[in-house]
Amino acid sequence: MKKILLLSALLMLCFSNCSDSENCYNCDTTSANDSEIVNSEDISNRATSDQLKYNQVMYKGSHNSYERREDITEQISNSSPAYQNNVLALELDIWRNTPSNSYTNTSIPANTWVVNHWPHPGRYGKTLASYFSKLKDWHNRNRNHLPIMIKLDVKSSNGGYQNFHEQIEWYLQRFLGDSDIIFKAQRIFKDPNRSIRHNVLYENTWPSMNELRGKFIIVLTGNGSWMDQYVRTNSRYRWAFGMKAQTIANTDNTNSGISQANNTIDNTPNYVFYNFSMSDINNKRNKAGSREYARQLARRGMITRVYSANNRSEWERCKSWKISCISTNKIKNHDWAKIDNNSMFIQR
């Protein structure tokens, strides 16, 4: 009898172990499947974000990039943790030295454009071409990079407009590249008989982030009268985008903020980029209408930039106001200076 009882106990233990093994196996299998689902979702999210259009996203920029401790190619590197570098927009202040002799797109001198904040460094200043050379080398090593905005802030005013559009575009062609490396503003013109604003608003012509991989986007700002003339001179053939220096609407009323944003867009048909100072936003930080002004520009697909967001509260304010490009002096070692923990851009 004891032997029978012992045998029964052993059989029950065996079945119990077998059942536990199956349960463990099922549990492991479920866990593995869950892991696969998570990974698939991550991949799907990345794919979805890559399909966002350029005017739908928010990203980190550097202010006066040439003055930062980090080299410009370090700034645009994909780094970890997320607040180290990961910049998608550079800024270079440029001054013109009018060439003394006639020139073409293959002979325009390197010192036609030199880089400095203030004052004009003369013909022996550091050339814009030297920065382009670094960017081309970096591009050749990272051909699948996300689109990088290069904002050129024109400081010159002497000498008049001359043929500024040729001076800058021939220079770009000689020292940076052509359509293989530059996404030209002319590509936005699906309807060449309408303004760039119309094409962005009604033709939805901005490519996706994925489609813009491997490209630099040239944006010009600075000398206001030169910019206005540049963007209206045979607009559909221009290489660079103009960026309009703009002040934030000063209003507590949200409807007024929205209305004023619409007026800004309506009154500047040759611009789809707008530039704001952080100090202007700080002065209006408690005004709901001012915040709505910036958000309405975002809703309508305009690209906005703020310069000198240099602390946590300013950074978060810019994110809340749906600014496209948040430019800062704090390229590294400030844990708030990031767009996202996992991506160099997010939907704004």
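The values are calculated or read from the model by the stated rules, or taken from the named source; none is laboratory data. The model shown is predicted, which means the values in this text are computed figures rather than measured ones. Counting neighbours? That spans all protein chains shown, and the Cβs are built from the backbone with ideal geometry, glycine included. Keep in mind that these areas ignore ligands, DNA and RNA; they rest on the heavy atoms of the full protein, side chains included. Shrake-Rupley method; radii C 1.70, N 1.55, O 1.52, S 1.80 Å.
Remarks
- Accessible area (Å², per residue) of the chain, counting only protein heavy atoms and a probe of 1.4 Å: 48 Å²
- Gyration tensor verdict on segment 214-348 (Cα atoms; rounded if a/c is under 1.5, prolate if a/b is larger than b/c, oblate otherwise): oblate
- Ranked by the mean number of other Cβ atoms within 10 Å of their residues, highest first, the peptides 192-202, 55-65, 116-126, 165-175 fall in the order 55-65, 165-175, 192-202, 116-126.
- Using the average count of surrounding beta-carbon atoms within 10 Å as a protection proxy, the listed peptides 230-236, 73-79 rank, highest first, as 73-79, 230-236.
- Counting 0.36 nm for each residue step from N78 to D191 and taking away their Cα separation leaves a gain of 37.1 nm.
- Legend: distances between Cα atoms for K53/K190; K190/K244; K126/K330; K126/K338; K244/K322; pairs beyond 25 Å are K126/K338.
- Cα shape, segment 86-195, gyration tensor, a/c 1.5 rule: oblate
- Amide H partners (placed H, <5 Å) of I182, local residues excluded: F216
- The spacing between segment 270-302 and segment 86-132, judged by their C-alpha centroids, is 31 Å.
- The alpha carbon convex hull volume per residue for the chain rounds to 195 Å³.
- Calculated [θ] (222 nm, deg cm²/dmol) that DSSP helices of n ≥ 4 give over the chain, each run adding -39,500 (n - 2.57): -12500 deg cm²/dmol
- The order of the peptides 154-164, 128-138, 267-277 by mean Cβ neighbours within 10 Å, most packed first, is 267-277, 128-138, 154-164.
- Fraction of accessible area attributable to carbon and sulfur, segment 108-185 (%, probe 1.4 Å): 47 percent
- Dipole magnitude of the chain about its Cα centre (Cβ charges: Lys, Arg +1; Asp, Glu -1), debye to nearest 20: 840 debye
- Rounded to the nearest whole Hz, the Karplus-based 3J(HN,Hα) values (6.51 cos²θ - 1.76 cosθ + 1.60, θ = phi - 60°) of segment 324-338 follow the sequence 6, 10, 9, 9, 9, 8, 9, 6, 9, 6, 10, 5, 8, 7, 8, with x at glycine and proline.
- Between the amide H of G242 and those of L220, V272, distances stay under 5 Å, these residues lying 5 or more places away or on another chain, with hydrogens modeled in the peptide plane.
- Paramagnetic reach from R123 (point 7 Å along Cα→Cβ, amide N under 19 Å) across segment 171-188: 171
- A crude spin-label estimate for the pair Y237 and E316, with each label 7 Å from Cα along the Cβ direction, gives 5.1 nm.
- Helices meeting the span-like rule in the chain (full DSSP H runs, Cα extent of at least 24 Å along the helix axis, mean Kyte-Doolittle score of -0.5 or higher): 2-50.
- GNM flexibility winner over the chain from Y103, Y237, Y54 (Cα, springs under 10 Å): Y103
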